[in-house]
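Step one of this worksheet: look at the structure below.
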Amino acid sequence: MPQDIDSEMSWSDLREHYSLQPMHRQHTREQKALQIKQQKEWQSWADKHSAQDCSREPVAAPSAVPDTATRQAFEMATLTKECEFRVKALARQQEHELAALTEKHAFSKVTLAERERFEMEALAEKHKREIEACGEAWLAHSTHEEAALQTRQMNESIALDLRQKTELASATEAAWIEHAVEDFLAKDPSLT
């Protein structure tokens, strides 16, 4: 017997199931660890050279010492790459979410069609047996039952289509909002 449509995963559950947030968080942690490591390296390099400056003449020319502009450029490049990664990860996540939503919708339609077919076959069999037992007088009642079943099935189909359109519109709007936020953050990496 087909599964009940209400027992399917909700859009929120599908979104959480296919989310790339754990990977994004790990990437962010790695980026922060890299930045801390690089800061320590810069600091040790600066300490080493300041100690050398006190003891003897500078070994390197002043142009070889990295200045704040170089470091800021490096940090901006790192933040830009991080923003690009987040945008790509978000696009991939939304691609997975849309595929899952499409698959869910297709499964719901197939399930509904199978259930409708089963109900019509069961009703036809019931009417066949009742007509054999009661005669032609039962025919008018069976026609009324068929019409009621067809009306109920049509209403269920319309409700399913409406629910699927609403889910798709909601998913599209959420994706648009997420991209707008990422675009805004990509324009000013200092906000991340």
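The values are calculated or read from the model by the stated rules, or taken from the named source; none is laboratory data. Note that the structure is predicted; figures quoted are calculated from it, not measured. When we count neighbours, we look across all protein chains shown, and the Cβ atoms used for this are built from the backbone with ideal geometry, even at glycine.
For (1) aromatic (F, W, Y); (2) loosely packed, with under 11 Cβ neighbours inside 10 Å; (3) closer than 30 Å to T28 by Cα, each residue gets a yes or a no:
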{"position": "M76", "(1), (2), (3)": "no, no, yes"}
{"position": "L90", "(1), (2), (3)": "no, no, yes"}
{"position": "K104", "(1), (2), (3)": "no, no, no"}
{"position": "T111", "(1), (2), (3)": "no, no, no"}
{"position": "H127", "(1), (2), (3)": "no, no, no"}
{"position": "T151", "(1), (2), (3)": "no, yes, no"}
Checklist (1) touching a Phe, Trp or Tyr at 6+ places or on another chain (Cβ under 6 Å); (2) farther than 25 Å from A171 by Cβ applied to E116, failing item: (1)
Selection status of R71, modelled with pLDDT under 85, exposed (fewer than 15 other Cβ atoms within 10 Å of the Cβ) and over 36 Å from the mean Cα position of the chain (by Cα): no
So T111, is it closer than 30 Å to V181 by Cβ, among the β-branched types (V, I, T) and modelled with pLDDT of 80 or more: no
Members of segment 150-192 that are closer than 23 Å to F107 by Cβ and of a type in the set (A, V, I, L, M, F, W, C): M154, I158, A159, L160, L162, L168, A169, A171, A174, A175
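Residue-wise test of (1) at pLDDT 65 or above; (2) not in a helix (DSSP H, G or I).
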{"position": "L14", "(1), (2)": "no, no"}
{"position": "R29", "(1), (2)": "yes, no"}
{"position": "L34", "(1), (2)": "yes, no"}
{"position": "A51", "(1), (2)": "no, no"}
{"position": "P66", "(1), (2)": "no, yes"}
{"position": "C83", "(1), (2)": "yes, no"}
Test: residue in segment 114-134 that is closer than 30 Å to E82 by Cβ and in a helix (DSSP H, G or I): no
Selection from segment 78-88 of residues that are within 20 Å of E173 (Cβ to Cβ) and surrounded by 18 or more Cβ atoms within 10 Å (Cβ to Cβ): R86
Residue identified as under 30 Å from K165 (Cβ atoms) and acidic (D, E) among E103, E125: E103
